[in-house]
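Data first, discussion second: the structure below is written as structure tokens.
Any read-out appearing in this document is the output of simple, stated calculations on the displayed coordinates, not a laboratory observation. Everything numeric in this text was worked out from a predicted model, so none of it was measured. Neighbour counts are summed over all protein chains in view; Cβ atoms, including those assigned to glycine, are modelled from backbone coordinates with ideal geometry.
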Amino acid sequence: MTGKDMIKITINLVVIYVIGGLIMAFVYAKTSPIMFVKAKEEKEAALKLMMPEADKIASLGAWEPHERHAEYYAALKCGELKTVSIKDEKTGAMKEEKECIDPQDIGYIVEGYGKGYSSFIHILASVDKEFVVKKISILAHGETPGLGDEIQKDYFLNQFEGKTVDTLEVIKGETPDKIQAITGATISSRAVTEDGVKNGVILLKEKLSKEVQG
Amino acid sequence: MSQKPKSNLELIKNGMFGENTIFRMAISLCPSIAVTNGMKNGVALGISVVFVQTMVNMTISLMRKFIHPKIRIPIFMLVIAGYVTIIDLLMATYARPIYKEIGLYIQIIVAFASIFARAEVFASKNKVWSSICDGFGMGLGFLLAMIVISFFRELLGKGALFGYPIVSGSPLLIMILPAGGFLAVGLLMGFFNWIDMRFFGGKGASGV
């Protein structure tokens, strides 16, 4: 290798990597704020969907299932919704905002993770005031396509309505009061039911009954 | 590679059949087995590959006189990773519903031997327009293979196509498991080689 080669190689690498890096940095700078806002909106919409009758969903605290950050929320129903007009200080335009008077807890929502077959399954579950499951939904997962991803199907998710800590258990085959495992995806079914939802409901019970007592 | 320069149409045909990534060259088998258990996944990955392969071939071909031969490999890697990152970011921002379905497969493209191989074998030695045609043809060949493999795997394994059930139940569950991927690719590869040898006088995959 001659000296000329060495210089050419250096220039080659520096120029191409700097250009490549700049292009990627530019795209990232343009897209990441939009991505962040959209991800937040999606989460709010998902929470709203868990408890459609609630007027407001407030975060109560956080926990760490499988060392991941997850939150739990109270679903509030307002005793009265008062519409107040607020003047926007920047534009001077009048904006209508709803004020929640005398909010009542109608249930709770917990975010959780279950260790599945090939991924951590990100779950939301909503319960009523007696900690009976109302609805669950799968936010994200990386389970086997065609087998484990059946956990997203309605026939599996609908089984959760009316379940309590005692009946959140996976059974292979027909079951009248527990959760029926998906054929070929018992691990994923268990992850959602026992690791995810059940632990979430137990957490809600612990945290919230303590609050009531204290 | 043949000595005679090929026309653009021949290049596309070559990518689709003569040097089909999966069935003739037997490269990029690993990601293709991972995602072909449903037609939707297979087609989504196939389309992403068509795009990345064409763009990478074009870029490498444009830069071929500037790249020093000794460092071509890190530069190919950067170009491939750069395109994949940009597509990944753009889709995550502007096409979120689709991204949720195929986001994983977009990232998988970085590790594609076929894209790397075409940059090395073809794009770094040929003119821009030929390289674009070659990349496009190779991508189409890959898409074609994805469609064929996932068609059989989803139909036999789940009794469905594109997620719509055709027969009830799961007739041959093994076909959508990883083992079924190897079976399907192996049998189809053999089948296409047999067709080639029987009807077109080819020598099979080993003769390419």
Once Lys and Arg are counted +1 and Asp and Glu -1 for all other residues with Cβ under 10 Å from that of A:Ala191, the total becomes -1
For B:Ile27, what charge total do you get from the other residues with a beta carbon under 14 Å from its beta carbon, if Lys and Arg give +1 and Asp and Glu give -1? 0
What's the extension gain from A:Ile34 to A:Asp5 if we count 0.36 nm per residue and subtract their Cα-Cα distance? 6.0 nm
Relative contact order (percent, whole number), the range B:57-142, Cα cutoff 8 Å, 6+ residue spacing: 51
Strictly over 23 Å apart at the Cα level, which of A:Lys135/A:Lys178; A:Lys82/A:Lys134; A:Lys4/B:Lys70; A:Lys56/A:Lys115 would you flag in this model? A:Lys82/A:Lys134; A:Lys56/A:Lys115
Under 8 Å for C-alpha pairs, at least 6 residues apart: give me the relative contact order for chain B, rounded to a whole percent. 36
Place +1 on the Cβ of every Lys and Arg and -1 on the Cβ of every Asp and Glu in chain B, take the dipole about the Cα centre, and give the residue among B:Ser150, B:Gly135, B:Gly38 whose Cα lies farthest towards its positive end. B:Gly135
